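Participant: Take a look at the following structure, please.
The values are calculated or read from the model by the stated rules, or taken from the named source; none is laboratory data. Predicted, not measured: the structure shown is a model, and the values here were computed from it. As a convention, Cβ positions derive from the backbone with ideal geometry for all residues, glycine included, and neighbour counts pool all protein chains shown. Surface areas here come from the heavy atoms of the whole protein model, side chains and all, with no ligands, DNA or RNA. Shrake-Rupley method; radii C 1.70, N 1.55, O 1.52, S 1.80 Å.
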Amino acid sequence: MTDYSSQEANLDEFVDFFNARDLEAVRELLDAEVSAPFFGGNEAETVMQGIGELILAYPGIVVTRGELGDEPVVVAWIPGQQRVYRRMGYFRFTFIDDGENGDDPGAVDGELKIEHIDYSDEIDDGSLLVEEPDPADMAEWESWQEWDEGADD
């Protein structure tokens, strides 16, 4: 049986860290051998470079939690006109137990790490439940972006 509660907690952190642009914290969630074709690689440093390039290409991008059936997912959004977000697609994740607290293969002994990330931009068939970004938060995210870029207040 899949432990979705641990996965959901991991993805909650991923969403928080990604939106805060805390890429070091995002890196800590990844297994060293993470595979993510969308981000161009099969190791954490390459995947992190791909995530950084995504943020540079879409500076206003934010992610929220969602569910595809019973599976937790992360949905990517870009800002559109009049502070309305447009959904780009969603990420599906598989996890691996880092096993640092024991060797029982059926138990979650250590910390879950993200082992694989898939991306889909397919049109939703109605099974994807998403949490939409709050446009009121856009001003806060824009402030983070200005702070990151060194813009004046």
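Participant: For the pair Ser6/Gln81, report the inter-label distance in nm, with labels modelled 7 Å from Cα in the Cβ direction.
Facilitator: 4.8
Participant: Over its Cα atoms, what ratio of radius of gyration to 2.2 N^0.38 Å does segment 1-95 give?
Facilitator: Numbers: Rg = 13.3 Å, N = 95, 2.2 N^0.38 = 12.4 Å.
Segment 1-95 yields a ratio of 1.07.
Participant: Check each of the GluC sites (Glu not before Pro) in segment 1-63 and keep only those in coil by DSSP with at most 15 other C-beta atoms within 10 angstrom; list them in order. Don't skip to the answer; put the middle values down first.
Facilitator: Numbers: sites: Glu8, Glu13, Glu24, Glu28, Glu33, Glu43, Glu45, Glu53; in loops: Glu43.
For GluC sites (Glu not before Pro) across segment 1-63 that sit outside H, G, I, E and B with at most 15 neighbouring Cβ atoms in 10 Å, the list reads Glu43.
Participant: So what's the Cα pair-distance distribution over segment 50-100, bin width 10 Å, in %?
Facilitator: Percent of pairs per bin, in order: 22, 42, 27, 8, 1.
Participant: Suppose the chain between Thr46 and Asp124 were pulled fully straight at 0.36 nm per residue; how much longer would it get relative to their current alpha carbon spacing?
Facilitator: Difference between extended and current length: 25.2 nm.
Participant: Express in Å², to the nearest 10, the accessible area of Phe38 obtained by rolling a 1.4 Å probe over the protein heavy atoms while all chains stay in place.
Facilitator: Rounded to the nearest 10, the figure is 90 Å².
Participant: Starting from 0.36 nm per residue, how many nanometres of slack lie between Glu24 and Leu56 once their C-alpha separation is accounted for?
Facilitator: Values: separation 32, 0.36 × 32 = 11.52 nm, distance 1.60 nm.
Stretched out fully, the Glu24 to Leu56 stretch lengthens by 9.9 nm.
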